[in-house]
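One structure is given below, encoded as structure tokens.
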Amino acid sequence: MKTLIIIDMQNDFCPGGALAVPDGDKIVTLINKLQEKFDLVIATQDWHPAGHASFASSHSGKKPFESIDLNGINQVLWPDHCVQNSSGAEFHSDLKMAKIEAIFRKGTHPDIDSYSGFYDNAHQRATGLSGYLKEKGATELYFCGLAAEYCVFFSVKDALDEGFNTILIEDATRPLEKDDFEAAKKEIRQKGGKIINSEKI
Ligand code: VGL
Ligand code: ZN
């Protein structure tokens, strides 16, 4: 069964937001059109408590986009973003919600970040997404949303590890940094993932 997974299509990742992805808002119309072609559509939502450990503001003397070691894991420090119940954490207002059957929230644990929709960055806590998809009979997972080389990429990698047929829809995602996305695409292909454009669907 063909499933569309929309990653973090939230205001803070769009121009004007706290952690804006260049042209992040330009993919909303395409994602709305794509939804009609899928049997199952689900979404993820970055959903941090205030003072989250991934925020630069939680570490004295640190600035956004610096990296630190956080409990043994390399952590990029971000501007405060997607704080629970803030307008930045809301989905882009043009995103069609009618076909989205479930929303998986992530990044809720105060001490650890969670890029993937499946697991936290230490791979210790599952969101339940994998079990949900398997119970629904999902076999082919198509990924879109933001940001391409972070939450989309980590979700794609986990999907491959979980044994799903995994396809990234390249024109329905946007990166923070183009070069980092090129490296991510290479790794996706090496792991057996497919990368396509939306016209192929
Ligand atoms: C994301 C950085 C921090 C993403 C979320 O959705 O790609 N990136 N939190
Ligand atoms: Zn986040």
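We did not get these values from a lab; they are worked out from the coordinates using the rules stated. Remember, predicted model here, so these are calculated numbers, not experimental data. Backbone-built Cβ (ideal geometry, glycine too); neighbour counts: all protein chains shown.
A few remarks follow.
- Rounded to the nearest Hz, the phi-derived 3J(HN,Hα) couplings of the stretch 8-16 under the Karplus curve 6.51 cos²θ - 1.76 cosθ + 1.60 (θ = phi - 60°) are 6, 7, 10, 4, 5, 9, 10, x, x, where x marks glycine and proline.
- Residues whose amide H falls under 5 Å from that of PHE55, counting only those 5 or more places apart or on a different chain, are TRP78, with hydrogens built in the peptide plane.
- Alpha-carbon Debye profile of the stretch 61-201, log10 I(q)/I(0) at 0.10, 0.18, 0.20 Å⁻¹: -0.36, -1.26, -1.54
- Computed helical MRE - 222 nm, the chain, DSSP H runs ≥ 4 contributing -39500 (n - 2.57), nearest 500: -5500 deg cm²/dmol
- Projected-area average for the stretch 1-48 over all orientations - Cα convex hull basis, square nanometres: 3.6 nm²
- Where labels lie 7 Å past Cα in the beta-carbon direction, separation of LYS186 and PHE65 in nm: 2.2 nm
- Taking amide H positions as modeled 1.01 Å from N, with prolines and chain starts lacking one, the residues under 5 Å from GLN84 and 5 or more places away or on another chain are HIS48, ALA50.
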